[in-house]
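One structure below.
The values are calculated or read from the model by the stated rules, or taken from the named source; none is laboratory data. Predicted model, so just to flag it, every value in this text is computed and none were measured. Backbone-built Cβ (ideal geometry, glycine too); neighbour counts: all protein chains shown.
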Amino acid sequence: MAYFWFKAFHLVGVVVWFAGLFYLVRLFIYHVEANEQPEPARTILKNQYEIMEKRLLNIITTPGMIVTVAMAIALLVTNHAYLKEGWLHFKLLFVALLIGYHFYCIRVMKQLHADKCGWSSKQLRALNEAPTLLLVVIVMLAVFKNNFPTDAAAWVIFGLIILMAATIQLYARKRRLDREKEMMQEVPQQ
């Protein structure tokens, strides 16, 4: 019975952790874009984003990561036969990359707070796609285990995921270009 409790809280931890990671980098994007605002809006927005980023990281994202990892360890302790499975080794590799991403986000946040971040909002949007790709691979490994799909249907689904990510990027680019166009039209009127 303990195994199912660990598994349930592992899944809850994963959802909380990913929700935090997705929103954290979104806040970074807004934080960087706040630099384009005139004063006093710039300072007000940046101060607010700093508070939101710290709270999100400390109250949601990092605890979600800790619960995820702790419950994963508990799952492996209760069913250590999984440690011999090849799919788990790959899953743990991608989880390690995700943990690295988490700590890299902390580094970016510190740079933003010190006004030393060199990332543009466009670059941050691309960075925001990394956990999505890791999530897809990790979930597929957990579901399919050693029967990871390599047939045509799997490639179609993978292609749809890539198409979705590209569409999001193109939409963000369109919004940015539209905003720049509006700003250019407003300049002669002033």
Item checked: Among (1) of a type outside the set (A, V, I, L, M); (2) surrounded by fewer than 17 Cβ atoms within 10 Å (Cβ to Cβ); (3) in a helix (DSSP H, G or I) - the single one G118 does not satisfy -> (3)
Notebook entry, point to check: Right, G64: farther than 13 Å from G13 by Cα and touching a residue at least 40 places away in the same chain (Cβ under 8 Å) or not?
Noted result: no
Notebook entry, point to check: Within the range 55-64, is even one residue touching a helix residue (DSSP H, G or I) at 6+ places or on another chain (Cβ under 6 Å) and either at pLDDT below 95 or acidic (D, E) (or both)?
Noted result: no
Next item on the list: Considering only the range 29-56, state which residues are more than 30 Å from A142 (Cα to Cα) and of a type in the set (A, V, I, L, M, F, W, C).
Entry: I29, V32, A34, A41, I44, L45, I51, M52
Next item on the list: Output yes when any residue across the range 147-155 is part of a helix (DSSP H, G or I), in contact (Cβ under 8 Å) with a residue 40 or more places away in the chain and loosely packed, with under 13 Cβ neighbours inside 10 Å, and no when none is.
Entry: no
Notebook entry, point to check: Are any of the residues in the range 38-55 of a type in the set (F, W, Y), within 26 Å of R176 (Cα to Cα) and part of a helix (DSSP H, G or I)?
Noted result: yes
Notebook entry, point to check: Among (1) under 27 Å from R179 (Cα atoms); (2) assigned to a helix (DSSP H, G or I), where does I59 come up short?
Noted result: (1)
Check: Exactly one of (1) closer than 23 Å to V12 by Cβ; (2) β-branched (V, I, T); (3) surrounded by 16 or more Cβ atoms within 10 Å (Cβ to Cβ) is unmet by I73. Its number?
Finding: (3)
Notebook entry, point to check: Mind checking which pairs have a first residue in the range 169-187 that is at negative phi and a second that is among the charged types (D, E, K, R), Cβ under 7 Å, 6 or more apart or different chains?
Noted result: Q169/R125; A172/R125
